[in-house]
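Presented below is the structure to which this report refers.
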Amino acid sequence: MSEPFSAPLDQAARERFRIEWQRNFAVSANAGSGKTTAISERLAAMALDPGAAPELRRTAVVTYTLKAAEEIGVRARERLLRRLEERGPGADLAPLEHLERTFFGTLHSFCLKLAREHGQEAGLDLAPEVLDNRATEAAWEDFLAGDPMELTALSPEALHWLFRLVRLENVLDEARELDPKTATELLANAPRDLPPAPSEQGLRAVLDLPEKGKGAENLRKTKVRAQDWFNRATAVPADRAYLGIFKPNGDAKAVVTANDAWMLPLSRWAACAAGAVAGEIAARFAAWRRAAGVQTFNDQVSAARDLLRHPATLAAVRATGWRVLLDEAQDTDETQFSILVELTRPPDAEVGSWPGTGAPPLPGRFCMVGDGQQAIYSSRASVRTFQRYLAAFDGAAAGDRLAFEVTFRAPHASVGLLNSTLPAAFSSEREHNLGLPPADGASAPFLQVPYQPLVAGPGNAPGRVARVPLGQLQGESARDVNGMFSNEMRQVAAWLSERGPAGLGLSSWGELCILVARNKWMDAAVEALEAAGLKTARQSKQLRASDLPAYAWVTALTTVCCEPEDDYEWFGVLREIFGLSDDLLAREKLRHGHFVWDSPEIHAAPLAAALEALRPSVQSVDDEGGELDLWFDTLIAAAGLEERARAADPGGANLRELARLRAEARTEAAKGKSPRDWAAKLVAGRENSCPETPGETDAINVLTCHSAKGLEWPAVLVPGLWRKIAFDAGSGLQVVRDADNLPIVYLQSGDIPSGTKTSRERECRRELVRLLYVALTRPRQTLLLPWGEAMPKTDDQSFAALWGHDLNALPILPEETPTVATAPQPTPAPRNILTSPTVDDFAGLPAAPRRILPHRLAEHAAEDGIRAARHESHEDSLAPSRLGQDPIAYGLWWHETVEFIPWLASDAEIDAYVLGRFSAAEALGAGERARREWTVLRASHAWHELRQPRWRRLAELSVLAPLSPDEWMDGVMDLVLHDAEGAEVWVLDWKTNRQRPDELVDAFLARLAAEYAPQLCAYGRSLAAMFPTCRVRRFVYATGAGAWTEIEDTL
């Protein structure tokens, strides 16, 4: 075997992806192949390449979750730091500045960014409130409460008939889930006529059925009910009561066939009408959201799609030169792919013509990384969309297809087993991998992704795959699958308890993860393990953040510190965290009117002690220059949260959550966030899915196979291999797209044609094969599969049947199993992430220097509102939550526009870029001013000088530098220009201040120079320290005058 960390067999492909930044690539990356590392390496290489580094300012790394995006950003920075460290002391740190300009985020957040930058012309909301799933539910209820429901998709009489046949709640349930495209299509297909009258001939076919055999009684009841239904449906005057579509008693084939034929015309009309009304309600809900200034995640994608339908806007977006690096491409749907691809194509490319005969993305503008074998979210995106875009890279025009075959995770034993057994499960030999023939005599299309063999990395462990022996699985009956699964888990738990972690070759239980196919199976798994005395760490995305006591405690404490006059919050904190009785709290509040936190001594001793403990945190919540992480550490200690967490949960879940919150506080502190900012974030996140927390070292992890994607453990056990894995067939209205991709509505799942049902069932099974692949590729050392000789009949829709491997042929784990040493890991890159010190660590040290914001250096401490809004006090988001009014909003627009000017591009390219920015200025009512001041800039001497090729430019350069022994400046320089050969450094500050009436230009510039000289001089001194051999010059540019003035440092 090769030495650890020697070059993998696919190194040539990885190296191409890393360094060929002017080439497009579509990468198929096997499980554990290090795709995050590969993306990070590509970004680091771009940052180090003088030609590529400036492109990072318009590079978007897009993935499905914010957590994954943040991880790629952290990894890229680590890789870049390692490369800079290799260059030795004094290495130029400019590559870090370039990397910081890269966009890392979800597709939804990227769509929001596009809409904010270019959406005015398309009439888009530039600053919507984004709704998560729970907030969307609340918005739906608000919409229903306020909408008059004056529906126009059908005539009043047709609407009356619809709701005699279909219940309103079923229509509403479907309307809530419809996407805008489907809603529009269904509304356009509204029936124009009334429903057909119920057929008397069809009724007669039911009534004439012979009554015989054991189904006779059901048939007699059916005939009575059918006649009554017909009488009510045809009564004159019309009966207004609900009828529904008639259903017979029982399921006798002849009866069901006759009834379906009778009801078919009415069912088809009702389904079409219900779809149209659902489409109308969905469209009204969308209009309600737009009027309310809110968006769902899907609205963000739809807004970006609508944006690109405007030719002028599309041209402007394309002119900005976006480069897209798409991660998890297999989970990207057609609309999302289209958005990302279209903005990277040539200016004159026809929308929607690629993949196809149209021009592909420009070189280096679009890369995608994914793995079709891990496409396990068919409800989100079709894997065939991924395959279609992957195939488009087969020709040299679009770019190149690459394969990362080497897995750095799976042990050699797993690789051997999977490569010898899974190809058949992915092959055309299995019926479920084929679609239905499109016509009689035609071949059935192959619809599964091909299996890509794994190659074990040079440092992978030998590993083992072993069987956990099972006896007979007994339930209350042969159909009691829940009971049989519980029995299996009890046997597994007993086996684990007997062996212990050492018997599995593990150092602790925390190195084992049990993966179940469905969330509903987790209860039985956890109950069996805990009944055997084994500790578990259950990870479920269905838990809310506030379900963890530690999260609730921290949220309540930070809230009460920010809102100390809120007695309701105090009551909860004092009772739940400090353990004070309701009686004491009620008596003290009655005596004093409220809880007097700033004079706690007036209260009874227990209450006084609690208030005294929290008083410093309340008093320091708004301290200027205070650090959030230190403030939070003090608060935790004052409230005794660690001790309370240990007492409340010996398993350690609350301690882990406290540790996670501490890490989050450090991250937020690094962003400059205050305790109030963080408190608001905690309150807003209470209903979010529970954050994933690392398991305890002595607890067995239990997850679903879906949740395990992207994760790994030393050992993995997969139970329930024999059990049917069900899919939710849905209830109520069903919208299914046909072969022509047109939406067809069915009143219930039972109405869906058998061919469509078969196609959907096969698609589900294809996805389960891919889910099996995900589960089997999670372990680094040991894969454990429970199985025995006396297993129940294996369901066709089970992992075992879909795999098709003889599991009894697997060896049982030996009694003496040596601990498998983890493969050595490369030395990590240097990090700037440090453990936060405690307050005691600062004892005896001199006071920290005061943080000075640049605008406070201005003459007479005048407030620079634009700088404060952009950098010094607000979240560094895509844009302010509301753009506000001129002049600050206009100043923000100007700074954001000049930040991304492609200085060395052609005049046409620059004009196209700025044209796209004018729409945002129009939204502020400042379009005329923006065009005027841009024209003045283009004609100025400053423009000519700034465009000179001698300059290396850095926009929005962060600076933290000493001003005096007890003061440091923390700010951002608008534009820094460095001429290495000419030994010059310039700093330029953009000012959008208005010229006063009758004020001459020279006087105007002199006033600005006097006003902003202190901060420009401070900038200059920090630059002089960075570039000791260069002459430093300082300029203020007045956008209204189209002129600049130089500021001399008198020190």
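Throughout, read-outs are computed from the coordinates displayed, never taken from laboratory work. Note that this is a predicted model, so its numbers are computed, not measured. Glycine gets a Cβ as well: all are built from the backbone with ideal geometry, and neighbour counts include every protein chain shown.
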Among (1) 149, 67, 66; (2) 110, 79, 74; (3) 146, 72, 65, the entry matching Cα extents along the principal axes in Å as calculated here is (2)
With Rh as the Kirkwood radius over Cα pairs, segment 587-634 has Rg/Rh of 1.09
Within the under-12-Å Cβ sphere about Ala158, not counting Ala158, Lys/Arg +1 and Asp/Glu -1 give a net charge of 0
Expected sort for 502-515, 572-585 on mean C-beta neighbours within 10 Å, highest first, is 502-515, 572-585
Check: C-alpha center segment 1004-1051 vs C-alpha center segment 329-382, spacing in Å is 46
For segment 133-292, averaging the sequence separation of alpha carbon pairs under 8 Å that lie six or more residues apart and dividing by its residue count, the contact order in percent is 43
Place a point 7 Å from the Cα of Asp228 in the direction of its beta carbon; the residues of segment 183-222 whose amide N falls under 15 Å from it are 218-222
Here the relative contact order (percent) of segment 545-684, from C-alpha pairs under 8 Å and at least 6 apart, is 30
So, relative contact order of the chain in percent, Cα under 8 Å, 6 or more apart, is 14
Projecting the Cα atoms of Leu548, Cys562, Leu635 onto the charge dipole of segment 545-684, where Lys and Arg contribute +1 and Asp and Glu -1 at Cβ, the residue farthest towards the positive end is Leu548
With Arg290 itself left out, Lys, Arg at +1 and Asp, Glu at -1 over residues whose Cβ is under 13 Å from its Cβ give -2
Of the candidates Leu207, Pro355, Val716, the farthest towards the positive dipole end of the chain (Lys/Arg Cβ +1, Asp/Glu Cβ -1, centred on the Cα centre) is Leu207
Answer in debye to the nearest 20: the dipole magnitude of the chain about its Cα centre, from +1 Lys/Arg and -1 Asp/Glu charges placed on Cβ, is 2740
Low-density loop GluC sites (Glu not before Pro), segment 989-1051, at most 16 other Cβ within 10 Å, DSSP non-H/G/I/E/B, are Glu999, Glu1048
Sparse-neighbourhood loop hits (trypsin sites (Lys or Arg not before Pro), segment 13-53; DSSP loop; Cβ within 10 Å at most 15 others) -> Arg23
P(r) of segment 545-684 over all Cα-Cα pairs, 10 Å bins starting at 0, rounded to whole percent, reads 12, 44, 33, 11, 0
Counting only DSSP beta bridges with both partners in the chain, the antiparallel fraction in percent, to the nearest 5, comes to 35
The simple spin-label model distance between Arg204 and Glu429, using points 7 Å out along Cα→Cβ, in nm, is 5.7
Net charge near Asp1049 (other residues with Cβ under 13 Å of its Cβ; Lys, Arg +1; Asp, Glu -1) is +2
Sorting Thr257, Asn170, Asn133 by the position of each Cα along the dipole of segment 133-292 (Lys, Arg +1; Asp, Glu -1; all at Cβ), the one nearest the positive end of that ordering is Thr257
Computed about the Cα centre, the charge dipole of segment 663-790 from +1 Lys/Arg and -1 Asp/Glu charges at the Cβ has a magnitude in debye, to the nearest 20, of 220
Quick calc: nm separation of the 7 Å Cα→Cβ label points for Leu168 and Ala444 -> 4.6
Residue span Arg309 to Asp622: 0.36 nm per residue of separation minus Cα-Cα distance leaves a gain in nm of 108.0 nm
For segment 993-1051 the trypsin sites (Lys or Arg not before Pro) that pass both the DSSP coil test and the at-most-15 other-Cβ-within-10 Å test are Arg994
Hydrophobic long helices for the chain, i.e. whole DSSP H runs reaching 24 angstrom or more by Cα along the axis with Kyte-Doolittle mean at least -0.5, come out as 253-292, 481-503, 907-923, 1001-1026
